[in-house]
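**Student:** Sharing a structure here in structure tokens format.
The values are calculated or read from the model by the stated rules, or taken from the named source; none is laboratory data. If you're wondering where the values come from, they're calculated on a predicted model, not measured in any experiment. Counting neighbours? That spans all protein chains shown, and the Cβs are built from the backbone with ideal geometry, glycine included.
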Amino acid sequence: MDLPANQLLDLYRWMVMERLFDESVNSLFRMGKIMSMFHSALGQEAANVGAAYALREGDACIPSHRGKVVYLMRGMPLNDLMAGLFGKREGFGQGRIPVGSHMCGSASMGLLPAEGALGGSLVVGVGAALAMKLRREPNAALIFCGDGASNRGDVHEGMNLASVLKVPAVFFFVNNGWSLSVRASYGLSVERISTRAAGYGLPGVTVDGWRVLEVHGAVSAALRRAREGAGPALVEAVVSRWSAHSVNDPEIYRTDDERREARRRDPVADFEATLVDRGLLSGAEIERIRTECQAALDAGIAFAEGCSEPDEKCLTSGVYGG
């Protein structure tokens, strides 16, 4: 998909932000400053950024547990996101979100909170898409899932219902090869998740999840089709999971050779090289972008460290009417 130079650079900046965000939060967890669960998206930057960049105002999105940059791209302030990860009262969830940000949402930003049982939120996304259809809104819902979640019963029920009702939804499956500690090749009955789309009467496509423009092109086309009333579609992005399932996963099920192989391709470095070849990036500009992103992250971390701890009143805030 051919995009203007400013949008190509925007994609690159978001990918760098995702990479530096993950590296920073992983370090903070190991320093004992963040106690909640965190699922790294290292190696998945092109898939997350490429898909989220296809959204427009009025669309709905349910991010997965792996990829916090989607929240930032939809408008969540970095300070709120970081303070929420720190479990502080001034952050999202007022410090009540136990496993990072994926159980938090914002109606004004079109962000729907995911459920604790990964994949269960797909049905919520179908509901949001149905609401758009009933209101005759020219928008669509983008729902992130993983290869493990693709095997859940409610995921299959949700995709079937979406097809029957012809709702404007796009199911975006990021296949990183692992469902926690179970290989996708062991847990999936098919080689490609996209082949399952035919069973629901949906178009399905598999893309190279390391190539941000390929991901963006496929998701853009699917969202455009959905907004025009043609119904839902499925896009699968194949990537590799660089890190363990989460920060507290010992990852004893992978060998060192397998970990090295997972890092054989670097989506950020690949896209960076593409932009350099096109004359859109120089060494100085690369350093400037990285410095600016890291400075923003450092400011967000400083803000979060200065926030207050939640008190007992936060436990019932928003639970009971008053």
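**Student:** Going through Asp249, Asp266, Asp277 one at a time, which residue ends up being within 30 Å of Glu90 (Cα to Cα) and among the charged types (D, E, K, R)? Quick ask: steps written out before the conclusion?
**Tutor:** Working: Asp266 fails: within 30 Å of Glu90 (Cα to Cα); Asp277 fails: within 30 Å of Glu90 (Cα to Cα).
Among Asp249, Asp266, Asp277, only Asp249 is within 30 Å of Glu90 (Cα to Cα) and among the charged types (D, E, K, R).
**Student:** Another one. Among the listed residues Gly93, Gly43, Gly87, which satisfies the condition of being over 18 Å from the mean Cα position of the chain (by Cα), surrounded by 19 or more Cβ atoms within 10 Å (Cβ to Cβ), on the phi > 0 side of the Ramachandran plot and assigned to a loop (DSSP other than H, G, I, E, B)? Step through it out loud before you land on a result.
**Tutor:** Details: Gly93 fails: assigned to a loop (DSSP other than H, G, I, E, B); Gly43 fails: over 18 Å from the mean Cα position of the chain (by Cα).
Gly87 is the lone residue from the list that is over 18 Å from the mean Cα position of the chain (by Cα), surrounded by 19 or more Cβ atoms within 10 Å (Cβ to Cβ), on the phi > 0 side of the Ramachandran plot and assigned to a loop (DSSP other than H, G, I, E, B).
**Student:** Moving on to the next point. Name the one entry in Arg241, Arg254 that is in contact with a strand residue (DSSP E or B) (Cβ under 6 Å, 6 or more places away or on another chain), of a type outside the set (Val, Ile, Thr) and at pLDDT below 95.
**Tutor:** Details: Arg254 fails: in contact with a strand residue (DSSP E or B) (Cβ under 6 Å, 6 or more places away or on another chain).
None of the other options fit; the residue is Arg241.
**Student:** Also, I was wondering about something else. Before we move on, is Asp154 crowded, with 19+ Cβ neighbours inside 10 Å, among the acidic types (Asp, Glu) and either modelled with pLDDT of 85 or more or within 14 Å of the chain's Cα centre (by Cα) (or both)? Outline the logic, then answer.
**Tutor:** On the way: crowded, with 19+ Cβ neighbours inside 10 Å: no; among the acidic types (Asp, Glu): yes; either modelled with pLDDT of 85 or more or within 14 Å of the chain's Cα centre (by Cα) (or both): yes.
Criteria not met by Asp154.
**Student:** So, one more: Return a yes/no flag: does the range 7-27 have any residue that is part of a loop (DSSP other than H, G, I, E, B) and crowded, with 17+ Cβ neighbours inside 10 Å. Please lay out each step first, then the result.
**Tutor:** Step one: filter the range 7-27 for residues part of a loop (DSSP other than H, G, I, E, B), giving none.
Looking for residues that are part of a loop (DSSP other than H, G, I, E, B) and crowded, with 17+ Cβ neighbours inside 10 Å, one finds none in the range 7-27, hence no.
**Student:** Consider Tyr320 against the criteria (1) surrounded by 11 or more Cβ atoms within 10 Å (Cβ to Cβ); (2) closer than 30 Å to Asp59 by Cα: it satisfies all of them except one. Which criterion is unmet?
**Tutor:** All conditions pass for Tyr320, except number (1).
Here is a yes/no grid of residues against (1) part of a helix (DSSP H, G or I); (2) small (Gly, Ala, Ser); (3) in contact with a Ser or Thr (Cβ under 6 Å, 6 or more places away or on another chain); (4) surrounded by 14 or more Cβ atoms within 10 Å (Cβ to Cβ):
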| position | (1), (2), (3), (4) |
| --- | --- |
| Ser185 | yes, yes, no, no |
| Val190 | no, no, no, no |
| Ala198 | yes, yes, no, no |
| Trp210 | no, no, no, yes |
| Ser220 | yes, yes, no, yes |
| Gly231 | no, yes, no, yes |
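**Student:** Among residues belonging to the range 269-315 that are in a helix (DSSP H, G or I) and exposed (fewer than 10 other Cβ atoms within 10 Å of the Cβ), point out the one that is modelled with the lowest pLDDT.
**Tutor:** Lys313
**Student:** Right, another one. Please specify each residue of the range 258-268 satisfying the condition of being among the acidic types (Asp, Glu) and modelled with pLDDT of 95 or more. Outline the logic, then answer.
**Tutor:** Of the range 258-268, the ones among the acidic types (Asp, Glu) are 258, 261, 266.
Within the range 258-268, Asp266 is the sole residue that qualifies.
**Student:** Right, something else. Can you tell me which residue among Asp256, Asp266, Asp270 is without any contact (Cβ under 8 Å) to a residue 24 or more places away in the chain and farther than 26 Å from Asp59 by Cα? Step through it out loud before you land on a result.
**Tutor:** Details: Asp266 fails: without any contact (Cβ under 8 Å) to a residue 24 or more places away in the chain; Asp270 fails: without any contact (Cβ under 8 Å) to a residue 24 or more places away in the chain.
Only one candidate passes the filter, namely Asp256.
**Student:** To continue, here is another question. Looking at Ala149, Ala107, which one is touching a Ser or Thr at 6+ places or on another chain (Cβ under 9 Å) and of a type in the set (A, V, I, L, M, F, W, C)?
**Tutor:** Values: Ala107 fails: touching a Ser or Thr at 6+ places or on another chain (Cβ under 9 Å).
From the options Ala149, Ala107, the qualifying one is Ala149.
**Student:** Look at the range 197-220 and say how many of its residues are free of Cβ contacts under 8 Å to residues at least 40 places away in the same chain and either closer than 25 Å to Glu272 by Cβ or within 18 Å of the chain's Cα centre (by Cα) (or both).
**Tutor:** Taking the range 197-220 first, the residues free of Cβ contacts under 8 Å to residues at least 40 places away in the same chain are 197-199, 201, 203-208, 218.
Of the ones still in play, those that are also either closer than 25 Å to Glu272 by Cβ or within 18 Å of the chain's Cα centre (by Cα) (or both) are 206-208, 218.
Of the residues in that region, 4 qualify.
**Student:** Take the range 159-186 and flag every residue that is at positive phi and modelled with pLDDT under 95.
**Tutor:** Of everything in the range 159-186, those that are at positive phi and modelled with pLDDT under 95 turn out to be Gly177, Leu180.
**Student:** Let me ask you something else. Going by what's in this entry, would Arg136 be described as of a type outside the set (S, T, N, Q) and assigned to a helix (DSSP H, G or I)? Steps first, answer last, please.
**Tutor:** On the way: of a type outside the set (S, T, N, Q): yes; assigned to a helix (DSSP H, G or I): no.
When the stated conditions are applied, Arg136 does not pass them.
**Student:** Take the residues in the range 115-130 that are out of contact with any strand residue (DSSP E or B) (no Cβ under 6 Å at 6 or more places or on another chain) and modelled with pLDDT under 95, then tell me which one is surrounded by the most Cβ atoms within 10 Å (Cβ to Cβ).
**Tutor:** Leu118
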